1. Which members of region 392-433 meet the condition of being under 20 Å from the mean Cα position of the chain (by Cα), in a strand (DSSP E or B) and not aliphatic (A, V, I, L, M)?
2. Report every pair of residues separated by at least 6 positions or lying on different chains whose Cβ atoms are under 6 Å apart, first residue within region 430-443 and without any contact (Cβ under 8 Å) to a residue 60 or more places away in the chain, second of a type in the set (D, E, K, R).
3. Report, ordered by the first and then the second residue, all pairs with beta carbons closer than 6 Å, sequence separation of six or more or different chains, a first member in region 288-300 that is farther than 15 Å from SER378 by Cα, and a second member that is part of a loop (DSSP other than H, G, I, E, B).
4. Which count do you get for residues in region 254-282 that are modelled with pLDDT of 95 or more, out of contact with any Ser or Thr (no Cβ under 9 Å at 6 or more places or on another chain) and in a strand (DSSP E or B)?
5. Please pick out the residue among TRP164, TRP112 that is part of a strand (DSSP E or B), closer than 24 Å to ASP220 by Cβ and not aliphatic (A, V, I, L, M).
6. Return yes or no: is ASP92 surrounded by 18 or more Cβ atoms within 10 Å (Cβ to Cβ), within 23 Å of GLY413 (Cα to Cα), among the acidic types (Asp, Glu) and out of contact with any helix residue (DSSP H, G or I) (no Cβ under 6 Å at 6 or more places or on another chain)?
7. Condition test on ALA132, is it in contact with a Lys or Arg (Cβ under 9 Å, 6 or more places away or on another chain), buried (at least 23 other Cβ atoms within 10 Å of the Cβ), touching a residue at least 24 places away in the same chain (Cβ under 8 Å) and among the hydrophobic types (A, V, I, L, M, F, W, C)?
Amino acid sequence: MCLLSEQPERHRGMTRENAWALAPALLLSTLSWAAEGEWSRFRGPNGTGISPATTVPVTWTAADYNWKVRLPGVGHSSPVLWENRIFVTAGDRATGGRMLLCLAASGGRTLWQRDFPSRTYGQHRDSCYATATPAVDAQGVVVTWTTPEAVLLLALDRDGREVWRRDLGPFIAVNGSGTSPIIVEDTVVLANDQEDPSLIPGRRKNPPDPIGKSFLIAVDRRTGATRWQVERPTLFSSYATPCVHHPAHGRPELIFTNSAYGMTGVDPATGKVNWQLNEKFLDRCVGSPIVAAGLVLASCGTGIRGSRFVAARPGSAEPGRPAAIAYEVTKGIPLVPTPLAKDDRLFALADDGILSCLRAATGEEIWRERLGGAFYASPVYVDGRLYCVAKNGDVFVVAAADKFEILARVPLGEPSYATPAVAGDVMYLRTQSQLFSLGGPKP
């Protein structure tokens, strides 16, 4: 059963002149997200996980929450915010149904809820039916739902009215889905990576395995019409959410990672592939790429641990400027958590609780220590501190400094796989079934 049917769309291209004209707007748009303090996508402004907030406490008790609300289902997605509105998804484990909620940031009141009937299907034991984080802007919210029959990408306005929908075809992946959409200027971008077992060396197809059709896609933010689509068959489904790289010279570009192509730089206006790292990721990409010290950093892995963590110098569309590996991290490699770079430091949180602090430009280890516990959520940075949420719901607050120091450990009382969001000087923590508001200016 499909969630919703597709509305026919006509492919639309873009001239190179328009692409050049778009570049300054892309840069200004990304910078304005950070300046406004919105948390508009997975891990906030350009996926950095960094907030300028100064009023989130180091430690707290249950009495310190501004509010907490119980959600109508289970989810691992992160909340996103625009002005005074929070958008968050949830799923029903019994029916596979999905829910999108809009809450008032000032008090947690539900402003509206939209339900999407679906069905249950097999996925990873730690997955659920609400794993992808929405993307939000002044126009409203964009969300993606998947079933084996359909990848649904749809947009709603601020009041929950549907604006457009796209059915991108079946979804084939043994572990379920989790890649989040992003909004880049006037387009919505999604990495639709799926399983293709026929590409695995020595893999027999008897009986035949279903093959997923993988592609990168950008659609018009206003209408949902396809702007561009890049086909790219791959071994394993990827769960990485792209970011935007702003080179010192040249136009901004989207950064994607997956098993078959490693790292890829793509022109956001045209879909033209500018460069690809020649060395592939042989395992699944789950954590998302980030940009730090002029490098692109990403990891891959399998099972419960990372297997490779690479920092690469981005290539260029110009001849003779290929991407190249600057360094590799060989210890404490994350699989699911996305690393965080602040100032000259790079913080990498491995799934088994090993937290490493490195020099972002060189990979030199400053310290590597064990927090304790296991992690799916990615760290976020607030006022000189890292907030790291363990799978059991304990929040570790760690000094983001050259000396390792755990400043606090606060239990949320319920498992949590979701990365926190921070906007308007307030942190929003999401457990499997609850949403908490913490911090902010005192009255």
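1. The answer is TYR428, ARG430.
2. Cβ pairs passing all conditions: THR431/GLU414.
3. Note: pairs meeting the criteria are ALA292/ALA360; ALA293/ALA360; ALA293/ALA361; VAL296/PRO289; VAL296/PRO314.
4. The qualifying residues number 1.
5. Details: TRP112 fails: closer than 24 Å to ASP220 by Cβ.
Selected residue: TRP164, the only one of TRP164, TRP112 that is part of a strand (DSSP E or B), closer than 24 Å to ASP220 by Cβ and not aliphatic (A, V, I, L, M).
6. Numbers: surrounded by 18 or more Cβ atoms within 10 Å (Cβ to Cβ): yes; within 23 Å of GLY413 (Cα to Cα): yes; among the acidic types (Asp, Glu): yes; out of contact with any helix residue (DSSP H, G or I) (no Cβ under 6 Å at 6 or more places or on another chain): yes.
So ASP92 passes the test.
7. Values: in contact with a Lys or Arg (Cβ under 9 Å, 6 or more places away or on another chain): no; buried (at least 23 other Cβ atoms within 10 Å of the Cβ): yes; touching a residue at least 24 places away in the same chain (Cβ under 8 Å): yes; among the hydrophobic types (A, V, I, L, M, F, W, C): yes.
The answer is no for ALA132.
Matching residues to (1) more than 28 Å from VAL380 (Cα to Cα); (2) in contact with a helix residue (DSSP H, G or I) (Cβ under 9 Å, 6 or more places away or on another chain):
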{"site": "THR241", "(1), (2)": "no, yes"}
{"site": "VAL244", "(1), (2)": "no, yes"}
{"site": "PRO247", "(1), (2)": "no, no"}
{"site": "GLY265", "(1), (2)": "no, no"}
{"site": "TRP275", "(1), (2)": "yes, no"}
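The values are calculated or read from the model by the stated rules, or taken from the named source; none is laboratory data. Predicted model, so just to flag it, every value in this text is computed and none were measured. As a convention, Cβ positions derive from the backbone with ideal geometry for all residues, glycine included, and neighbour counts pool all protein chains shown.
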